[in-house]
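These notes concern the structure reproduced below.
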Amino acid sequence: MSAQSGRDMLLKLDQTGSGSFLTVAGLRTRNLSFNAASIDTTDAQSVGQWRELLAGGGIKSAALSGAGVFKDAASDALVRSYFFDGTIRDWQLILPDFGTIQGAFQIVALEFGADHTGEVTFDIALESAGQISFVAI
């Protein structure tokens, strides 16, 4: 896979729950991480006292984060209301030449900042709130 332009990685929100995804902000940075907790099943009879793990066990999660500029006042108000209300909605992350990650996420952090001579920016962090799907391109 060749290098990809960062601007092609898109974060979208299903604003109404209808399955129609819209870009709500211009994100300048985006990150996605997957996590899986392990379950230790080691006991006194484990061979050589090496740790043993339960295959397929543990809790899986995904975290999305980004920073950027809202595209309009309506998008800003919507995301703020989702944060303050603790709303869980479906989000999509489009990874160019890789695929689409989709699932329910909750906004767990929302920060605003501004430079004296620039626009108001925001940082957002989302954590998975259910099963995540992946569709390869």
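The values are calculated or read from the model by the stated rules, or taken from the named source; none is laboratory data. Just so we're clear, the structure is a prediction, and the values are computed from it rather than from any experiment. Neighbour counts are summed over all protein chains in view; Cβ atoms, including those assigned to glycine, are modelled from backbone coordinates with ideal geometry.
Under 20 Å from the mean Cα position of the chain (by Cα), of a type in the set (D, E, K, R), under 22 Å from residue 135 (Cα atoms) and part of a helix (DSSP H, G or I) - does that describe any residue in region 6-16? If you could, list the steps in order and put the result at the bottom.
Step one: filter region 6-16 for residues under 20 Å from the mean Cα position of the chain (by Cα), giving 6-16.
So of that shortlist, the ones also of a type in the set (D, E, K, R) come out as 7-8, 12, 14.
So of that shortlist, the ones also under 22 Å from residue 135 (Cα atoms) come out as 7-8, 12, 14.
Restricting the remaining residues to those that are part of a helix (DSSP H, G or I) gives 7-8.
Yes, that holds for at least one residue.
Test of understanding: among 131, 92, 106, which residue is closer than 21 Å to residue 20 by Cα, free of Cβ contacts under 8 Å to residues at least 40 places away in the same chain and buried (at least 17 other Cβ atoms within 10 Å of the Cβ)?
Every option except 106 fails the conditions.
Select, from 107, 94, the only residue that is under 20 Å from residue 29 (Cβ atoms) and modelled with pLDDT of 95 or more.
That would be 107, the only listed residue that is under 20 Å from residue 29 (Cβ atoms) and modelled with pLDDT of 95 or more.
Within region 30-65, can you find the residues that are loosely packed, with under 14 Cβ neighbours inside 10 Å, under 19 Å from residue 105 (Cα atoms) and among the charged types (D, E, K, R)?
Across region 30-65, the qualifying residue is only 60.
Of the residues 11, 27, 78, which is closer than 16 Å to residue 123 by Cβ, surrounded by 16 or more Cβ atoms within 10 Å (Cβ to Cβ) and touching a residue at least 60 places away in the same chain (Cβ under 8 Å)?
Result: 11 is the single residue among 11, 27, 78 that is closer than 16 Å to residue 123 by Cβ, surrounded by 16 or more Cβ atoms within 10 Å (Cβ to Cβ) and touching a residue at least 60 places away in the same chain (Cβ under 8 Å).
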